[in-house]
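Q: Once you've had a glance at the structure underneath, I'll fire off some questions.
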Amino acid sequence: MVAFFLPRASDDDQAERLYEALAEFAGCEPAPPGRRVQAIAFTQDGARWVAEVGEELRGQRTTQQLRRGELLERTETLTATARVLAVYPGTPFVVVTDAQPITGTPSEWANPFPAQPDDVTWFDAP
């Protein structure tokens, strides 16, 4: 497990302020220490995605095709230019990235966006 951090925060106090500000931007409640999310894995449009704080969104899509009686499986690696700033637990979870409107970075993902994880990695409790 990893200690709680947020990208762009230079110290713990700034990370706390930024975490609360991003929660307000996302319209959700900030999680208390010990319930903060480092990463989630979720399925969207047939692809398995990972949203990890400090990393770009990344995913994989596996497709199967029957060709000449043989089943061929192909795995495609997917990337997004958006970097995850915070993930808030809830129903659904809410992912905030550094894409528009926070920065000028365009993204195919809404910001923030909801996700229903099938796997959650938590930050260390303080």
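The values are calculated or read from the model by the stated rules, or taken from the named source; none is laboratory data. As the structure is a prediction and not an experimental result, all values here were calculated from the model. So basically every Cβ, Gly included, is an ideal-geometry build from the backbone, and we count neighbours across all protein chains shown. Note: accessible area is taken over every heavy atom of the protein model, side chains too, but ligands, DNA and RNA are not part of it. Shrake-Rupley method; radii C 1.70, N 1.55, O 1.52, S 1.80 Å.
Q: Can you confirm whether region 93-110 contains a residue that is on the phi > 0 side of the Ramachandran plot, out of contact with any Lys or Arg (no Cβ under 9 Å at 6 or more places or on another chain) and either modelled with pLDDT under 95 or open to solvent by less than 40 Å² (accessible area, probe 1.4 Å) (or both)? Spell out the reasoning first.
A: Within region 93-110, the first condition is being on the phi > 0 side of the Ramachandran plot, and the residues that meet it are none.
No: region 93-110 contains no residue that is on the phi > 0 side of the Ramachandran plot, out of contact with any Lys or Arg (no Cβ under 9 Å at 6 or more places or on another chain) and either modelled with pLDDT under 95 or open to solvent by less than 40 Å² (accessible area, probe 1.4 Å) (or both).
Q: Further question: Look through 124, 119 and report the one residue that is touching a residue at least 60 places away in the same chain (Cβ under 8 Å), open to solvent by 80 Å² or more (accessible area, probe 1.4 Å) and either under 18 Å from residue 4 (Cβ atoms) or not basic (Lys, Arg) (or both).
A: Selected residue: 119, the only one of 124, 119 that is touching a residue at least 60 places away in the same chain (Cβ under 8 Å), open to solvent by 80 Å² or more (accessible area, probe 1.4 Å) and either under 18 Å from residue 4 (Cβ atoms) or not basic (Lys, Arg) (or both).
Q: For residue 103, state whether it is touching a residue at least 12 places away in the same chain (Cβ under 8 Å) and among the hydroxyl-bearing types (Ser, Thr, Tyr).
A: Details: touching a residue at least 12 places away in the same chain (Cβ under 8 Å): no; among the hydroxyl-bearing types (Ser, Thr, Tyr): yes.
When the stated conditions are applied, residue 103 does not pass them.
Q: Please pick out the residue among 37, 50 that is among the β-branched types (Val, Ile, Thr), within 16 Å of residue 109 (Cα to Cα) and either open to solvent by less than 60 Å² (accessible area, probe 1.4 Å) or within 12 Å of the chain's Cα centre (by Cα) (or both). Please lay out each step first, then the result.
A: Working: 37 fails: within 16 Å of residue 109 (Cα to Cα).
When all the criteria are applied, what remains is 50.
Q: Being open to solvent by 60 Å² or more (accessible area, probe 1.4 Å), within 23 Å of residue 8 (Cβ to Cβ), part of a strand (DSSP E or B) and at pLDDT below 95: is that true of residue 81 here?
A: Numbers: open to solvent by 60 Å² or more (accessible area, probe 1.4 Å): yes; within 23 Å of residue 8 (Cβ to Cβ): yes; part of a strand (DSSP E or B): yes; at pLDDT below 95: yes.
The answer is yes for residue 81.
Q: I would also like to ask the following. Residue pairs, Cβ under 7 Å, 6 or more apart or interchain, first in region 1-16 and farther than 17 Å from residue 88 by Cβ, second exposed (fewer than 10 other Cβ atoms within 10 Å of the Cβ) and modelled with pLDDT under 90. List them.
A: Listed pairs, sorted by first residue: none to list.
Q: Only one of these is at pLDDT 95 or above and crowded, with 18+ Cβ neighbours inside 10 Å: 42, 25. Name it. Spell out the reasoning first.
A: On the way: 25 fails: crowded, with 18+ Cβ neighbours inside 10 Å.
Result of the check over 42, 25: 42.
Q: Restricting attention to region 61-76, which residues are in a strand (DSSP E or B), open to solvent by less than 100 Å² (accessible area, probe 1.4 Å) and either of a type in the set (Val, Ile, Thr) or over 17 Å from residue 47 (Cα atoms) (or both)?
A: Initial filter on region 61-76 (in a strand (DSSP E or B)): 61-67, 70-76.
With the extra rule that they be open to solvent by less than 100 Å² (accessible area, probe 1.4 Å), the set shrinks to 61-63, 72, 75-76.
Those that are in a strand (DSSP E or B), open to solvent by less than 100 Å² (accessible area, probe 1.4 Å) and either of a type in the set (Val, Ile, Thr) or over 17 Å from residue 47 (Cα atoms) (or both): 62, 63, 72, 75.
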